[in-house]
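Step one of this worksheet: look at the structure below.
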Amino acid sequence: MLSDLRAIVGDDHVFDGRGSSHVDDWTGRFRGHTDVVVRPGSTDEVREVLRVVRAHGRVVVAQGGNTGLVGGGVPLSGEVVMSLTRLNHVGVPDVAARQIEVGAGATVEAVQQAAAAVGLRYPVDFGSRGSATIGGTIATNAGGVNVLRYGSTRAQVVGLEAVLADGSIVSTMAGLMKDNTGYDLRGLMCGSEGTLGIITKAVLRLVPAHEHRETVMVGCASVDDALDVVTMVCGASESIDAAELMTRRGVDLVAEVVGAHRPFEAEWYLLIESSTSREADGTLARLLERRDPVAVADSPGRREALWRLRDEHTSSIATLGVPLKYDVTVPLRSMSDFVSDARTAVSAFDPEAEVIVFGHAADGNLHVNVIGANLEDHRGFDAAVLGAVSRFGGSISAEHGIGVAKREWLHLSRSADEIAVMRAIKRALDPDGVLNPNVLLPADGSN
Ligand code: 2HG
Ligand code: ZN
């Protein structure tokens, strides 16, 4: 197999993955192993690599920047890793159509930069922008801090090319705004976690750059108090990009780990940002002037400092050990009760464990990080947090995906009929189970 693969992609792009960064996930929780990492350089090479891998009875995990948080992109069972990072072409934006064509291996940041160079913006944004690739973000339907205004990655994908397990190619690269010709194959690939096809290219929607921003941090007494602020500003302004919620403990930790400055002390922190193409006129600050405490970013440096307190949450939490991550959505009206129920359930299971919550307030999307946990016992924590999600009618994954971390809990968010449909789709597109066979759907026989 190795010599066949080398003949396709060249000697430099096939190697033994043991000890490489391709086998562990970013959190350090999911550690895999593989004897083969292969890096195809074109769609044709992806196809050929798949043919060879199949001929040798092996299966494949597609990998982008390997910044996923649910173990969906690492070879936990010794799968061949197909790294798509060489497909990093970034096209010239089409300014009239507000679109850009990119390879699956281009980073989110590279796309953001290409868009900014022509006065446009790629609106998907999150902390790992420098490493996360477009293919990976489509495969996980990644969210980020601007979903409130622009939607998740799925809402940006106006064209897609993917290679299916049998080598056939699904391609809708014309970037048509309207195309009502049957099943939405492009949409099906978004959030499919590498189980239905290998994404090779995409056409992405861009939005106006809106470079005049207002950024304000507000101290809140409770989750409900923060939600009242979100409801008020979103009702009064159409320009809100982000409304990020943090706790005292989270902000204190970031301040300590990265040496950042807290503008004030509060039980809860809400970071709100708006952007327009007109000169900023202080609308956001005016809406929030009655709040106390409040900090208005009056310079780009100040803005960066406030965002740092939010952006550095994931890396600062990682300094405490390997966390269990729960990326959940609950109905907005239940956010406050969910937070207290989840905290209570976690400490009932393990009084030593620490819970740090943060997230995207307007989306009802909370990141519940459990630290100090004995990872062997993760099922008890899973049941505590995901059980609370289920009681409030929420979803066990808002933006990170199911991966291996949540596959046994899929039934909490999807009915048996829905899981059966998902299995039927998987069988139709990948009957031999060659593509990422160990993620997303519960293991055969369960659920
Ligand atoms: C974020 O919102 C990411 O920063 C990561 O979705 C969340 O680390 C996490 O739990
Ligand atoms: Zn997030």
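Hey, among the residues in the range 310-325 that are among the polar types (S, T, N, Q) and more than 9 Å from ligand 1 (Cβ to nearest atom), which one's surrounded by the fewest Cβ atoms within 10 Å (Cβ to Cβ)?
Residue satisfying both the conditions and the ranking: Thr319.
Picking from residues in the range 1-35 that are of a type in the set (Gly, Ala, Ser) and closer than 25 Å to Thr314 by Cβ, the one that is nearest to the chain's Cα centre (by Cα) is Gly28. Hey, among the residues in the range 344-398 that are away from ligand 2 (no atom under 16 Å from the Cβ) and hydroxyl-bearing (Ser, Thr, Tyr), which one's farthest from Arg154 (Cα to Cα)? Looking at residues that are away from ligand 2 (no atom under 16 Å from the Cβ) and hydroxyl-bearing (Ser, Thr, Tyr), I get Ser347. With respect to the stated conditions, Ser397 is surrounded by 18 or more Cβ atoms within 10 Å (Cβ to Cβ), touching a Lys or Arg at 6+ places or on another chain (Cβ under 7 Å) and not hydrophobic (A, V, I, L, M, F, W, C).
A search for C-beta distances below 9 Å between a residue of the range 422-446 that is at positive phi and any residue that is of a type outside the set (D, E, K, R) and open to solvent by 40 Å² or more (accessible area, probe 1.4 Å), counting only pairs 6+ apart in sequence or on different chains, returns Gly433/Val59; Asn436/Val59; Leu440/Met422.
It is to be established whether one or more residues within the range 348-361 are in contact (Cβ under 8 Å) with a residue 24 or more places away in the chain, more than 30 Å from Ile272 (Cβ to Cβ), open to solvent by 10 Å² or more (accessible area, probe 1.4 Å) and of a type in the set (Phe, Trp, Tyr). Don't jump to the end; show me each part of the working.
First, pick out the residues of the range 348-361 that are in contact (Cβ under 8 Å) with a residue 24 or more places away in the chain: 348-350, 353-354, 356-361.
Imposing the further condition that a residue be more than 30 Å from Ile272 (Cβ to Cβ) reduces the set to 348-350, 353.
Of the ones still in play, those that are also open to solvent by 10 Å² or more (accessible area, probe 1.4 Å) are 348-350, 353.
Then drop every residue that is not of a type in the set (Phe, Trp, Tyr), which leaves 349.
Yes; the residues of the range 348-361 include at least one that is in contact (Cβ under 8 Å) with a residue 24 or more places away in the chain, more than 30 Å from Ile272 (Cβ to Cβ), open to solvent by 10 Å² or more (accessible area, probe 1.4 Å) and of a type in the set (Phe, Trp, Tyr).
Screening the range 250-357 for helices (runs of 4 or more DSSP H) wholly inside it with 2 or more residues that are under 20 Å from Glu399 (Cα atoms) returns the ranges 300-311, 313-318, 335-349.
Checked against the criterion of being in contact (Cβ under 8 Å) with a residue 24 or more places away in the chain and among the charged types (D, E, K, R), the range 126-146 has no qualifying residue.
Those helices (runs of 4 or more DSSP H) of the range 75-178 that lie entirely within it include none in which at least 2 residues are open to solvent by 20 Å² or more (accessible area, probe 1.4 Å), within 16 Å of ligand 2 (Cβ to nearest atom) and closer than 20 Å to Leu196 by Cα. Of all residues in the range 8-44, those that are under 20 Å from Gly71 (Cβ atoms) and open to solvent by less than 60 Å² (accessible area, probe 1.4 Å) total 14.
Taking the residues in the range 364-401 that are in a helix (DSSP H, G or I) and β-branched (Val, Ile, Thr) as candidates, determine which candidate is nearest to ligand 1 (Cβ to nearest atom). Taking the candidates together, the pick is Val385.
Determine if the range 28-35 includes at least one residue that is among the small types (Gly, Ala, Ser) and farther than 25 Å from His378 by Cβ. The answer is no, given that none of the residues of the range 28-35 is among the small types (Gly, Ala, Ser) and farther than 25 Å from His378 by Cβ.
Looking only at residues in the range 268-287 that are among the polar types (S, T, N, Q) and within 24 Å of the chain's Cα centre (by Cα), the one that is surrounded by the fewest Cβ atoms within 10 Å (Cβ to Cβ) is Ser275.
The values are calculated or read from the model by the stated rules, or taken from the named source; none is laboratory data. Quick caveat: nothing in here was measured; it's all calculated off a predicted structure. FYI the Cβ positions are ideal-geometry reconstructions off the backbone, even for glycines, and counts take in every protein chain you see. These area figures cover heavy atoms from the full protein model, side chains too; ligands, DNA and RNA do not enter into them. Shrake-Rupley method; radii C 1.70, N 1.55, O 1.52, S 1.80 Å.
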